Amino acid sequence: MKWKGLLAVLLGLLMVGVTAGSAIAASISNDSLVPVTPQNFGDEWELSLNIDYHVEELSSGDLYVTIYYDWSWVNTEIFNGPDDQIVILIPWARWNSQIRDWDGFYGEQKPIVTTAFGKAKIQDISFVPITVDGEDIQVARIVATVNDDVKLEGIWVSMTLKKEYRGMQVKTNLVYLHSWDTGSAVSTAGSIILPFALYSAPAGLNLAASVTWAAADIFLFQKFAGSWKKTKTETLTLYPNGNLPPCWNGICPTSAGGSAGGLD
């Protein structure tokens, strides 16, 4: 009978529909088990920069200054890119026209630099001359490199402030350059405007300005296909009432005469 043939056709179509529907449902179910992973690891908002310092008075009347710079990531980069660069800038000396030489604020020829966990590598400690409000100033530049998958690291910088500069206020800068690929293109870092201040009533200094730094004066190497930078500035009052920096890895950097863990 015709209706039996029609029924067979309808049943066949129904079975095909059920099978196709099950396959689609299974596909949707399997896809929903795969979580959507954000691709923003290593973004600027995930990086935190911090600066703490401590000032200890010595029997000589000089002040032993320890500054702690640290950085931490919420998530580190998932790709194996080149090492990041950390740059620390500290006002170090002024030009003395009477002696025709640099008159340092500190007793050491260069700062004592130590890393907290040994994951950052100190690459350079040098001095860059700048002019602020007509005054020639020498700035200590410390450059370190660190792998971009290190979630937490810090650098201690220590020096002995001469007693004639007791109470001096300075601004120190921490610059973090993150890069995710090397290439032939020169980085677009260009120039960086950083706050600068140097004030010391006994020494007759009163300088405050923003200094524009060329990338070549900040970073050791700049050939990246992609990069971004983040900065942190802190005003330090060099008098024995600074904040205690944290102790890391069982080491506290608040005693005078620390050893250099970086370049000698």
Failed criterion for Thr37 (all others in (1) among the β-branched types (Val, Ile, Thr); (2) modelled with pLDDT of 90 or more; (3) surrounded by fewer than 17 Cβ atoms within 10 Å (Cβ to Cβ) hold): (2)
Matching strands (runs of 3 or more DSSP E) fully within region 107-171 where at least 1 residues are farther than 14 Å from Tyr69 by Cβ: 121-132, 135-146, 152-161
Residue among Trp71, Trp45 that is buried (at least 19 other Cβ atoms within 10 Å of the Cβ), over 19 Å from Thr160 (Cα atoms) and modelled with pLDDT under 95: Trp71
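The values are calculated or read from the model by the stated rules, or taken from the named source; none is laboratory data. Worth saying up front: this structure is predicted, and the values here are computed from it rather than measured. Quick reminder, even Gly has a Cβ in these numbers, built from the backbone with ideal geometry, and neighbours come from all protein chains shown.
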